[in-house]
1. Evaluate the Debye formula for the chain with equal point scatterers sitting on the alpha carbons, no solvent, and hand back log10 of I(q)/I(0) at q = 0.07, 0.11, 0.12 Å⁻¹, in q order, two decimals.
2. Rounded, prolate or oblate: which one fits segment 232-293, using the alpha carbon gyration tensor with axes a ≥ b ≥ c (rounded when a/c is under 1.5, else prolate when a/b beats b/c, else oblate)?
3. How many angstrom lie between the C-alpha centres of segment 263-299 and segment 72-150?
4. Over the Cα atoms of segment 42-149, what radius of gyration and what Dmax do you get, in Å?
5. Within the set of other residues whose C-beta is less than 15 Å from the C-beta of PRO186, count the net charge using Lys and Arg as +1 and Asp and Glu as -1.
6. So, counting K/R as plus one and D/E as minus one, what does the shell of residues with Cβ under 13 Å around HIS217 add up to?
7. If you take every DSSP beta bridge fully contained in the chain, what fraction is antiparallel? Give it as a percent rounded to 5.
8. Would you mind working out the magnitude of the charge dipole of the chain relative to its Cα centre, with +1 at each Lys and Arg C-beta and -1 at each Asp and Glu C-beta, to the nearest 20 Debye?
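Just so you know, all these numbers are worked out from the coordinates, no wet-lab data involved. Keep in mind that what you see is a predicted model, and the values were worked out from it rather than measured. Every residue, glycine as well, gets a Cβ built from its backbone with ideal geometry; the counts of neighbours run over all protein chains shown.
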Amino acid sequence: MAIFITGGAGFIGSAFIRAWAKRYPTDTIINFDKLTYAGNLDNVAEAADHPGYQFRRGDICDAAALRAAIPDGCDAIVHFAAESHVDRSILSAREFILTNVLGTQTLLDVAREKGARRFLHISTDEVGGSIPDGHFFAEDSPLAPSSPYAASKAAAEHLARAAAHTFGLDAVIIRASNNYGPYQFPEKLIPLALTNALEDRPIPVYGDGQQVRDWIHVDDTCAALRAVLEKGQSGATYHIGGRSPLPNRALLTKLLDLLGKPTSLLTEVADRLGHDRRYAVDCSKIERELGWRPEIPLEEGLAQTIAWYREQATWVARARSGEYRQYYAQVYGAL
């Protein structure tokens, strides 16, 4: 099998590659990544010895680069590549429109040209907007994105559906809730809080910290993606979540308890503009149709994540300093 992964040097994409390489030692795995600030080849170092692994640096907005990298008749394209940090989208939406919208359309076009057999588009629960208490975001619920990031991901979903409807592309959409685990870039909530706490530095809490998020370990996400690739219905949308909803303040308190650190590290800061209050996905469809369920309880997953970050001080230092980016600039040059 030949599988083409965009954004494979990022957090979830690299976890997917590591898991796929272990499970399928004879497959061809092509990692296509622009190596922006969140793309780090250290994340896939353990897959580098896989005989079928290849890395191609490129931009998903560059059709020629995609044509050169995607093999004819590719069995699957798994599209992780995206600008994904909400705060950055509030500061400037342009990069999000270019990558998440134009880039997705370019990739869809080339996928059709190359005869890709299945296209898995990775979206987010944020396209549903803030969900009222007692309600859940289902696959057929109306989209109501609130941030520039979420709006760009909703647009990308519509393009994937249009490619399926108009051209018959076998496109499947996954909406995932908040992922956590090893190799996550330290701008995200859990690794930011964890690495700050290890150094007894303040942990920023937006507003009152009562924004509710559902947390899923990245390894459970990768298992869900594998199930969808192998058994998912063409044209379908699937929600995946950890069934572990918590207000942000409660999550951070749990994390500090596991670290043995005081809650006095929590420091309230001005709330994010337009901050959604609650995300809540209904993931019963994938459980019912494909038999997938999250297997890693939140407390166990957090403990594993803490242990990883404790042991990987070098990775954290390189991620924070941007040292790895200087190296890539020397090796690959400007894109």
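1. -0.27, -0.69, -0.83
2. Details: a/c = 4.57, a/b = 1.97, b/c = 2.31.
Note, shape of segment 232-293 comes out oblate.
3. 18 Å
4. 16.7, 49
5. On the way: positive: ARG88, LYS188, ARG201, ARG310, ARG318, ARG320, ARG325; negative: ASP42, ASP87, GLU187, GLU199, GLU323.
Cβ neighbours under 15 Å give a net charge of +2.
6. Values: positive: ARG243, ARG293; negative: ASP214, ASP219, ASP220, GLU295, GLU299, GLU300.
Charge balance near HIS217 sits at -4.
7. Values: 3 of 39 bridges.
The antiparallel fraction comes to roughly 10 percent.
8. On the way: 35 positive and 41 negative charges, 64 e Å.
Computed charge dipole of the chain: roughly 300 debye.
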